[in-house]
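Enquirer: Handing you a structure now.
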Amino acid sequence: MRMTSLPTNSSHQNSAAEEALEWFARLKSGDATQAERTRFQSWLAVDIGRKREFDKLSGLWADLDATRPLFAEELVRIASCREHSDRERAGRRFGRRTAWISAVAACLGLVIMGGWYFMQPETASFRTAKGEQRTITLADGSSVMLNTDTIVDAELSRSRRSLILHRGEALFTVSHERDRPFEVQAGLRVIRDVGTKFAVRRDADNVTVAVIEGAVEVQGDKDGKGPGWRLLTAGEQVSYDRGDPLSPVGEMSGSVATAWTKGKVSFEDRSLGEVVREFSRYHEGEVRILDPKLADLKVSGVFGINERLGFFKALESVVPVTVVQAGKGLFILEGRKNSPHER
């Protein structure tokens, strides 16, 4: 926006909004003379619409308190360009003053016409069906990878980034911003990023937080007996349930915690019942273990999650079971004949 001359009461070339923007930029430059301020008051008194437009700009400028530093570099650049241009054109005496007025006006014009990102919170809801995975890139550059059957709500404003994990599992890779925290609510607690990559899983009220890179803070117990926030660093995890205190911090393998991002599930000395429940998260239908003794068998290994029959064959190779299809979407795990578990 080029600043040519001060608006006058009789000027009809510009709209009230444009005139208000020119006056606001001139007054914010810090170089307005008393005569100009008097003319501004006269301009303002002519029409209530002018005051309304000027008040809008004042409110907008106040709202930008937290993000105004982001304009600093642009203001300097615009002002420098305008000053240089003014000197080249006419060697104007007040080139630098005019340049700064133009810079303020240009930045405010960008905010008004472009809808500055931080002004209104950006909200969105993301979900995956059973067996589906997808990666979302948020407006701040952070990414969220959703695992199977997951629901995440996100709200990004100029002062904070808030997400809610309603169910399922997600891997958060955060674009760190010191003045705009990134928080994930899962169940009754909040996980706060300290510059990191972390995974959160929520099964009903049970939540597990695992840190892959960097660190996070997990909201502490509300009874005041423990620390306000529990710090977790890479390779650590913690879990909690409704009404229960945070578990002790435990060690975990990042490759195991994120195996699902590569289409795998990894188990180490886990019961067959747990393995079947985990695999069932990714597929429709039902897998039944009729013999409780079989459910207690220990399983270790890495299995693919995308192909059900391949999973069953791999399972039969590591534990003495046979998988039988009993109907559409129904599979029965039976003890292998002549195995010790059949005696």
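Enquirer: Straight-line reach from K197: which lysines fall under 27 Å, measuring Cα to Cα and dropping same-chain residues less than 8 apart?
Expert: Counting by Cα, and skipping residues close in sequence, K197 has these lysines nearby: K130, K222, K262, K264.
Enquirer: For a quick check: with amide H placed at 1.01 Å from N, whose amide H comes under 5 Å from V321's, ignoring anything fewer than 5 positions away on the same chain?
Expert: Here R336 satisfy the definition.
Enquirer: If you look at just the Cα atoms of segment 263-342, how large are its Rg and its Dmax in Å?
Expert: According to the Cα coordinates of segment 263-342, Rg and Dmax are 11.6, 34 Å.
Enquirer: Tell me, Kirkwood radius of segment 183-222 from alpha-carbon pair distances, in Å? Walk me through the numbers before you get to the answer.
Expert: Numbers: mean 1/r = 0.0967 Å⁻¹.
For segment 183-222, inverting the mean 1/r across all distinct Cα pairs yields 10.3 Å.
Enquirer: Rounded to the nearest 0.05, what FRET efficiency do S143 and R178 have when you use their Cβ-Cβ distance and R0 = 25 Å? Display every interim value, and only then the final one.
Expert: Values: r = 19 Å, r/R0 = 0.77.
Rounded to the nearest 0.05, the efficiency is 0.80.
Enquirer: Gain in length, S42 to I332, computed as 0.36 nm per residue apart minus the alpha-carbon separation, to one decimal in nm?
Expert: Numbers: separation 290, 0.36 × 290 = 104.40 nm, distance 8.65 nm.
Here the segment from S42 to I332 would lengthen by 95.8 nm.
Enquirer: Multiply the residue gap between A124 and N306 by 0.36 nm, knock off their C-alpha separation, and tell me the result in nm, one decimal place. Don't jump to the answer; show the numbers that get you there.
Expert: On the way: separation 182, 0.36 × 182 = 65.52 nm, distance 2.79 nm.
Gain in length upon complete extension: 62.7 nm.
Enquirer: Based on the mean of other Cβ atoms within 10 Å per residue, sort peptides 315-327, 151-163 so the most packed one is first.
Expert: Numbers: 315-327: 14.5, 151-163: 18.2.
Output ranking for 315-327, 151-163: 151-163, 315-327.
Enquirer: Could you name the lysines whose alpha carbon sits less than 19 Å from that of K56, not counting residues in the same chain fewer than 8 places away?
Expert: Correct list for K56: K28.
Enquirer: Translational diffusion coefficient of segment 197-325 at 10 °C, 1.306 mPa s, Stokes-Einstein with Kirkwood Rh over Cα pairs, in µm²/s as a whole number.
Expert: Details: Rh = 16.5 Å.
D, rounded to a whole number, is 96 µm²/s.
Enquirer: Another question, if that's okay. Long-range amide H contacts for S157: which residues qualify at under 5 Å (H placed 1.01 Å from N, peptide plane, sequence gap of 5 or more or a different chain)?
Expert: So S157 has HN proximity to E122, S162.
Enquirer: On to the next question. For segment 128-275, what is the largest minus smallest coordinate of the Cα atoms on each principal axis, given in angstrom and ordered from greatest to least?
Expert: 46, 38, 25
Read the figures in this text as sums done on the coordinates, not as results from a lab. Note that the structure is a prediction, hence the values are computed from the model and not measured. Cβ atoms come from the backbone with ideal geometry, glycine included; neighbour counts cover every protein chain shown.
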